[in-house]
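The values are calculated or read from the model by the stated rules, or taken from the named source; none is laboratory data. These numbers were taken from a predicted model, which means no experiment stands behind them. For neighbour counting, all protein chains shown are included, and Cβ atoms are generated from backbone atoms with ideal geometry for every residue, glycine included.
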Amino acid sequence: MQELMTQASLPPSNARPRTVPRTDLIAADQTTAQMPAHERVYQQLRGRILFGEIAPGQAVTIQGLTVALDAGMTPVREAIRKLISEGALVFQGNRRVSVPQLDASSIEQITFLRKTVEYELARRATQQMNRTTIKRLQQIDAALDAAIATGDVGDYLRQNYQFHHVFYSQAQAPVLAGIADRLWLQFGPSLRVVCGRFGTQSLPDRHKDLLNALRSGDAEAAGQAIVLDLEQGMEQIAAALTRID
């Protein structure tokens with residue numbers, strides 16, 4: 001699910017924006033502009049990791065990140081420290097960091113936690129659902145389908161994350177949502193590796209089943225759709241990384 005990148009090809013901070021509903025883009029731009037420098041740099045670096053723009057195992061220098069993010073050394077170091085504490089980066093020594101490479105044990109643990117946390121988020125979100133949010137999810141899912149059809153790996157990853165983020169936000173359970181977001185940060189880079197190697201056509205997508213459950217207000221069916229969706233995705237990561245090894 002991902003094109004592997006070299007340090008020299010680390011994309012600039014003004015890379016092509018994701019294709020999401022226009023209101024999301026405006027809100028994201030306004031929020032980013034209002035952030036302190038250290039938070040803005042953290043969000044930029046976090047996004048690069050989440051969507052696999054820094055490949056697992058790829059070492060990058062702190063100096064290289066200051067150039068790529070067009071930021072000072074202090075906010076970059078702060079962002080790195082925070083991302084290390086979240087399990088998204090590991091320190092390699094000699095002023096280098098890298099995204100951890102998942103092994104079978106890590107994948108099994110992440111899958112277990114996702115099934116537990118995201119199932120409950122899906123149930124709670126369904127109970128709080130409204131027509132406006134369902135319409136928004138339909139729009140994001142349509143953009144996701146277009147990304148799959150055209151083989152746009154980067155846009156697929158962003159739309160998929162956006163779909164789940166909007167859905168889970170409806171649960172009004174910030175502790176659970178925070179855990180889920182941290183888990184996504186850990187498996188997201190590997191998802192892009194698999195996409196880049198094997199394409200987007202065979203990717204799991206149970207979003208239609210989920211949307212049907214939301215329209216009928218069936219919290220249990222929504223939870224099951226999410227579990228099936230994430231199980232298929234994590235199984236593909238495990239299988240693909242095994243083949244790569």
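Tally the residues that are within 15 Å of the chain's Cα centre (by Cα) and not basic (Lys, Arg), restricting the search to the stretch 103-114. Steps first, please.
Step one: list which residues in the stretch 103-114 are within 15 Å of the chain's Cα centre (by Cα), which gives 110-111, 114.
Remaining after also requiring not basic (Lys, Arg): 110-111.
Selection size over the stretch 103-114: 2.
Got a sec? Which of 120, 53 is more than 17 Å from the chain's Cα centre (by Cα) and either under 22 Å from residue 162 (Cβ atoms) or touching a residue at least 60 places away in the same chain (Cβ under 8 Å) (or both)? Quick ask: steps written out before the conclusion?
Working: 53 fails: more than 17 Å from the chain's Cα centre (by Cα).
Just one listed residue meets the conditions, 120.
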- [ ] Please find, among 171, 125, 142, 146, the residue that is buried (at least 18 other Cβ atoms within 10 Å of the Cβ) and in a helix (DSSP H, G or I).
- [x] 125
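Please go through the stretch 91-109 and give me each residue that is surrounded by 15 or more Cβ atoms within 10 Å (Cβ to Cβ) and farther than 17 Å from residue 240 by Cα, ordered by number. First the steps, then the outcome.
Let us first name the residues in the stretch 91-109 that are surrounded by 15 or more Cβ atoms within 10 Å (Cβ to Cβ), namely 96-102, 106-107.
Of everything in the stretch 91-109, those that are surrounded by 15 or more Cβ atoms within 10 Å (Cβ to Cβ) and farther than 17 Å from residue 240 by Cα turn out to be 96, 97, 98, 99.
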Open item on the list: Looking for something among the polar types (S, T, N, Q), surrounded by fewer than 14 Cβ atoms within 10 Å (Cβ to Cβ) and outside any loop (DSSP other than H, G, I, E, B) - is there at least one such residue anywhere in the stretch 44-60?
Closed with: no
TODO: Residue by residue through the stretch 127-142, note down the ones that are farther than 13 Å from residue 163 by Cα and touching a Leu at 6+ places or on another chain (Cβ under 6 Å).
DONE: 129
Open item on the list: Checking residue 160 against (1) in contact (Cβ under 8 Å) with a residue 24 or more places away in the chain; (2) surrounded by 19 or more Cβ atoms within 10 Å (Cβ to Cβ); (3) closer than 19 Å to residue 228 by Cβ: exactly one of these is not met. Which one?
Closed with: (1)
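Yes/no per residue for (1) modelled with pLDDT under 95; (2) of a type in the set (Gly, Ala, Ser); (3) farther than 27 Å from residue 176 by Cβ:
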| residue | (1), (2), (3) |
| --- | --- |
| 1 | yes, no, no |
| 19 | yes, no, yes |
| 31 | yes, no, no |
| 42 | no, no, no |
| 61 | yes, no, yes |
Task: Selected residue [under 25 Å from residue 98 (Cα atoms), touching a Leu at 6+ places or on another chain (Cβ under 8 Å) and part of a helix (DSSP H, G or I)] from 157, 176 - done: 157
- [ ] Go through the stretch 68-113 residue by residue and tally those that are assigned to a helix (DSSP H, G or I) and in contact with a strand residue (DSSP E or B) (Cβ under 9 Å, 6 or more places away or on another chain).
- [x] 4
